[in-house]
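S.K.: Sharing a structure, written as structure tokens. Questions coming.
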Amino acid sequence: MRQRLMLLDTASLYFRAFYGVPDTIHSSDGTPVNAVRGLLDMIARLTTDYDASHLIACWDNDWRPQWRVDRLPSYKAHRVAEAVAGAPDVELVPDALTAQLPLIRKVLDLAGIAVVGAADHEADDVVGTYASNARSPVDVVTGDRDLFQVVDDAHQVRVIYTARGMRNLEVVTESVIFGKYRVLPGQYADYATLRGDTSDGLPGVAGIGEKTAAALLADYGTLESLLAAATDAGSGLSPSIRSRLGSAKDYLSVAPDVVNVVRDLELPTLEEAGAQLRPVAGGSRAELEALAAEWNLGGSVTRLLAALDGRH
């Protein structure tokens, strides 16, 4: 089998599963299991349809790293349920989903699916590091546009975009990004910085929307070159754009560090992480099947096992 690495933006997927699968599905003790079942069905389908040989469930060890917040206090601030001194803030997550996270980890472990996170970093940074250093084709599965920045046709890195649901998956390549936003993947982080993103608490530059941001990057290539042009009287940049960039100077000096994914984390190799997909055998299979019965995971575990049986 040709090697193909699949990287899951795991939180993006289990949130989607939680809201996409009826919450009337419970285990015998009343704990909801809709997110677990939905996530397992996603993994079974994705690994089969896109012929993954290796899989890593990238994990948010810190969903809102302090070093990003120090640079931009508004970063994901609207999603904080509780600020915790000296530890990651508590994210606003429905109680019914929080109750399922330990079970998700348990099931992934029994299925032999590698889960990798990094201290003080988000899953996006884990994705960025593996995708940027892979020696084989990579599929990044996410519903988050932030990860469009890792798309790279030359290195066969693409995004399987889930925002429109599992029935309407979109394979995102450089041409798709350019067709939608008129920027290249390498410009996407600068584009997001300029236009802003309310879902991440990025204010953007007042008066610069998507079309203007794309046009400026088409002319100047990068945010760094654009800011250099803003201080160059002979650059030809309009007075209004100079004024808007000048008013956002403090924001623009820190936002790129927040928006750009980290690509150089020290992470386990694919072999060290146990990323190669294999059939589940022996005691792990028996325990997983028993857990499926106990937790009313039904056909979702059956479909996952069948998908993994086909990986060899």
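The values are calculated or read from the model by the stated rules, or taken from the named source; none is laboratory data. Bear in mind that the values here come from a model prediction, so they are computed numbers and not experimental data. Because the Cβ atoms are built from the backbone with ideal geometry, glycine has one as well, and the counts that use them run over all protein chains shown.
S.K.: I'm trying to understand the selection: among the residues of the stretch 1-29, which are part of a loop (DSSP other than H, G, I, E, B) and among the β-branched types (V, I, T)?
M.R.: Those that are part of a loop (DSSP other than H, G, I, E, B) and among the β-branched types (V, I, T): V21, T24, I25.
S.K.: Shifting gears a bit: Looking at the stretch 30-47, is at least one residue part of a loop (DSSP other than H, G, I, E, B) and closer than 24 Å to V159 by Cα?
M.R.: Looking through the stretch 30-47, none of the residues is part of a loop (DSSP other than H, G, I, E, B) and closer than 24 Å to V159 by Cα.
S.K.: While we're on this one: Go through the stretch 110-153 and report how many residues are more than 15 Å from V258 (Cα to Cα) and of a type in the set (K, R).
M.R.: 1
S.K.: Mind checking which pairs have a first residue in the stretch 209-234 that is closer than 14 Å to L245 by Cα and a second that is modelled with pLDDT of 95 or more and among the aromatic types (F, W, Y), Cβ under 7 Å, 6 or more apart or different chains?
M.R.: Sorted first by the residue in the stretch 209-234, then by its partner, the pairs are A213/Y191; L217/Y191; L226/Y220; A229/Y220.
S.K.: Out of the stretch 243-262, which residues are out of contact with any helix residue (DSSP H, G or I) (no Cβ under 8 Å at 6 or more places or on another chain), of a type outside the set (D, E, K, R) and assigned to a helix (DSSP H, G or I)?
M.R.: S243, S247, Y251, S253, listed by residue number.
Table: residues versus (1) farther than 30 Å from V301 by Cβ; (2) surrounded by fewer than 20 Cβ atoms within 10 Å (Cβ to Cβ).
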| position | (1), (2) |
| --- | --- |
| K106 | no, yes |
| V157 | yes, no |
| R167 | no, yes |
| E170 | no, yes |
| G179 | yes, yes |
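S.K.: Let me ask another. How about the stretch 105-124: which of its residues are farther than 22 Å from D153 by Cβ and in a helix (DSSP H, G or I)?
M.R.: Matches in the stretch 105-124: R105, K106, V107, L108, D109, L110, A123.
S.K.: Take the residues in the stretch 235-272 that are in contact (Cβ under 8 Å) with a residue 40 or more places away in the chain and polar (S, T, N, Q), then tell me which one is nearest to D62 (Cα to Cα).
M.R.: Within the stretch 235-272, the match that is nearest to D62 (Cα to Cα) is N260.
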